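The values are calculated or read from the model by the stated rules, or taken from the named source; none is laboratory data. Being a predicted model, the structure only gives us computed values, none of them experimental. When we count neighbours, we look across all protein chains shown, and the Cβ atoms used for this are built from the backbone with ideal geometry, even at glycine. The accessibility values were calculated without ligands, DNA or RNA, using every heavy atom of the protein model including side chains. Shrake-Rupley method; radii C 1.70, N 1.55, O 1.52, S 1.80 Å.
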Amino acid sequence: MSASTVTAPSKRRAPIRPARVLLHVFLAGAALAWLAPLLWAVFSALRPYSETSAKGYVSWPDTLNLDNFKNAFQQSDMLHYFGNTLVIAVPAVLLTLFLSSMVAFYVSRFDFRLNLALLLVFTAGNLLPQQVIITPLYRLYLLTDLPGITASGKLYDSALGLVLIHVAFQSGFCAFVLSNYMRSLPHELTEAALVDGASVWRLYWQITLPLCKPAMAALATLLSIWIYNDFFWALVLISTGENMPITSALNNLSGQYFTDPNLVAAGALLTAVPTLIVYFALQRQFVSGLTLGSNKG
């Protein structure tokens, strides 16, 4: 008896639609347009300036090395400015998350007449352009004396001043995001904890806050990148070069009469490394925090 062979029906391939082809072409073009400046900066940073000045930037390279990265790191004293940025960014991120989570907890877990108005007051601070308040804020920083607290004796020209302004400007956005997330938590948790005699602080610190870790991680990633990349506040509120954050260290690579653009490109790429480290370290929490609530009805 011969064994009969059964052939599975072949699957028909779906026809390629022109709209789908155009979509993929558009996405590929957008990705290349987005990556082009970064790739060009890497290409320029790997070439010595003597070669690009002789042959032009649009030319085939004869030499590719890491000399520009080494010189940029040494000439700008980048390690010192990395430390300055760390002193500013870490306290600012932690304080912003702590204070905004307390505001979000209060307006989302307790019902009172002005809870929405209170949240709008915090959020409205993000709608105010920084340039509008810079003149009165600058004078306020100059008039605020902090003897023995800051090296300058004032709020101006100090890391504390930058920390406070970052906390003030970022708290509104974080409070808005966290309050929306906390509203999605079951109210039965709050009611059960109150019945068991839990205090408001315990309800916030031990019950609600641990459930907000994905949202907190996503906000921590965004805050770290935003505060790290800040240039405006440091430029206006810091006058001593030694107190500047990393974004201002690139000025040390510019001479009075000549600037090596390849060296500046290498320095700019080096300053971007910590933000990439933060993103990849918190990538899973960041993505999960952004997609929270996407499948809720």
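Descriptive notes on the structure:
- With respect to the conditions (1) farther than 30 Å from residue 190 by Cβ; (2) in a helix (DSSP H, G or I), residue 101 falls short on a single one, namely (1).
- Residues (polar (S, T, N, Q) and within 30 Å of residue 152 (Cβ to Cβ)) located in the range 199-247: 224, 229, 239, 240, 243, 247
- Single residue of 254, 239, 288, 294 found to be surrounded by fewer than 21 Cβ atoms within 10 Å (Cβ to Cβ), at pLDDT below 85 and closer than 29 Å to residue 151 by Cα: 254
- Residue within the range 75-91 that is at pLDDT below 85 and farther than 21 Å from residue 185 by Cα present: yes
- For the range 41-66, filtered to residues that are among the hydroxyl-bearing types (Ser, Thr, Tyr) and in a loop (DSSP other than H, G, I, E, B), the residue that is modelled with the lowest pLDDT is 57.
- Scan of the range 102-126 for residues that are in contact (Cβ under 8 Å) with a residue 40 or more places away in the chain and surrounded by 13 or more Cβ atoms within 10 Å (Cβ to Cβ), ordered by number: 102, 103, 104, 105, 107, 108, 109, 119, 122, 123, 125, 126
- From the list 249, 234, the lone residue that is among the small types (Gly, Ala, Ser), over 22 Å from residue 119 (Cβ atoms), touching a Pro at 6+ places or on another chain (Cβ under 7 Å) and open to solvent by less than 50 Å² (accessible area, probe 1.4 Å) is 234.
- One residue stands out in the range 127-145 among those that are over 25 Å from the mean Cα position of the chain (by Cα) and assigned to a helix (DSSP H, G or I): the one that is surrounded by the most Cβ atoms within 10 Å (Cβ to Cβ), namely 141.
- First in the range 169-189 and surrounded by 20 or more Cβ atoms within 10 Å (Cβ to Cβ), second anywhere and part of a loop (DSSP other than H, G, I, E, B), Cβ under 8 Å, 6 or more apart: 178/212; 181/212; 181/292; 181/293; 182/212
- Residues in the range 28-48 that are open to solvent by less than 50 Å² (accessible area, probe 1.4 Å) and either touching a residue at least 60 places away in the same chain (Cβ under 8 Å) or touching a helix residue (DSSP H, G or I) at 6+ places or on another chain (Cβ under 8 Å) (or both): 41, 44, 45, 46, 47, 48.
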